[in-house]
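In what follows, a single structure is set out as structure tokens and then discussed.
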Amino acid sequence: MTIIVDSIVPVKTVDELTSRFRDQGLRVTPQRQAIFRLLHGVDTHPTVESLYEAARAEMPTISRKTVYQTVHDLESMGEVELLDVGTGSIRVDPNVEHAHQHLVCTRCGTVRDVLLDIADLRVPSRYRRQFTVEAVEVVFRGVCEDCLASEPVDA
């Protein structure tokens, strides 16, 4: 069974993340709250760099280090997952509620979630010697609908 997901469970609200940070003994600054706002309700997989640029538009003095530290703290708390899907940038995945895999457009870099039943996926024993599998990641690469639609039609 394969389901492509365009709507996901959003990251917690700014107030919820503020409380979680304080509960963990982490400082809550206006810069961090700007990042919380940018992530709340997002259903894409923004790059950390794009979060930095968006935060900087709102708060010109924010540092790249603050953005990276905040997303790493969110990852440590289980609020987001940081992905390297081979697009050259670290992506922030807000969908931590459901186990899922990813579709990656090789033209524009868009990353989308796909729910797959991979419970029966196994490494054959001859390759598994002295190796314990802890996690499975499946990434499908191809061309997204938008990129296909922008291709010129041959006459």
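The values are calculated or read from the model by the stated rules, or taken from the named source; none is laboratory data. Quick caveat, the model's predicted, so the values are computed rather than measured. Cβ: placed from backbone, ideal geometry, glycine included. Neighbour counts: every protein chain shown. With ligands, DNA and RNA removed, areas are computed over all heavy atoms of the protein, side chains included. Shrake-Rupley method; radii C 1.70, N 1.55, O 1.52, S 1.80 Å.
Sort through Val71, Val42 and tell me the only one that's at pLDDT below 95 and of a type in the set (A, V, I, L, M). If you could, list the steps in order and put the result at the bottom.
Values: Val71 fails: at pLDDT below 95.
Being at pLDDT below 95 and of a type in the set (A, V, I, L, M) holds for just one of Val71, Val42, which is Val42.
Please go through (1) farther than 30 Å from Arg22 by Cα; (2) among the β-branched types (Val, Ile, Thr); (3) part of a loop (DSSP other than H, G, I, E, B) for Val104 and return the number of the only condition it doesn't satisfy.
So the condition that Val104 fails would be (3).
When the residues of region 85-132 are filtered to those that are among the charged types (D, E, K, R) and surrounded by 13 or more Cβ atoms within 10 Å (Cβ to Cβ), which remaining residue is farthest from the chain's Cα centre (by Cα)?
Arg107
Could you grab the pairs with beta carbons closer than 8 Å, sequence gap of 6+ or different chains, first residue in region 137-155 and more than 11 Å from Arg112 (Cα to Cα), second one open to solvent by 100 Å² or more (accessible area, probe 1.4 Å) and at pLDDT 90 or above?
Short answer, once both residue conditions are applied: Val143/Arg107; Cys147/Arg107.
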